[in-house]
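Here the structure is laid out as structure tokens; the discussion comes afterwards.
The values are calculated or read from the model by the stated rules, or taken from the named source; none is laboratory data. Owing to the predicted nature of the structure, the values given are computational and were not obtained by experimental measurement. Don't worry about glycine lacking a Cβ; one is built from the backbone with ideal geometry, like all the others, and counts go over all protein chains shown.
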Amino acid sequence: MNDPEILCYLAIDKPQNCVQYGGTVAAPLVGEIMEQSLTYLGIERDYENQIEKNLRWFLDTPTYKVDNYIGKTKKEIKNTSFYNYVYYGDGDKVIYQSPDQCEKIKEGDTIMLYMG
């Protein structure tokens, strides 16, 4: 431990994935580099004493910008699997919406549309 033969430093500048935790983005790459480095050094993998992995996934929930629905009819509003719509009122066009245009919502959230 005090005299390492291998050092692996990996820096990822501006990762393009929605998940940006080091254990999710960098760790798989470091693992691959280290595995190949150990093979290069002639160190064989010890399958008998291998530590069991407990995989845990911490994924960022995707977010979406809310469109402007004011003045649109139900037919003009496209259904999506990313979030839900709830309509209130009996009118033909949207007169109010919540959340407002350009606010961010998480996948699975609901947009409330008031018809008038």
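Of the residues making up segment 59-86, just one is surrounded by 14 or more Cβ atoms within 10 Å (Cβ to Cβ), outside any loop (DSSP other than H, G, I, E, B) and at pLDDT 95 or above, namely TYR85. Remark: pairs (first residue in segment 47-71, over 18 Å from SER81 (Cα atoms); second residue modelled with pLDDT under 85 and among the acidic types (Asp, Glu); Cβ separation under 9 Å; 6+ apart in sequence or on different chains) are absent. Taking segment 27-43 as the range and being without any contact (Cβ under 8 Å) to a residue 24 or more places away in the chain and either within 15 Å of ALA11 (Cα to Cα) or assigned to a helix (DSSP H, G or I) (or both) as the test, the residues that pass are ALA27, PRO28, LEU29, VAL30, GLY31, GLU32, GLU35, GLN36, THR39, TYR40.
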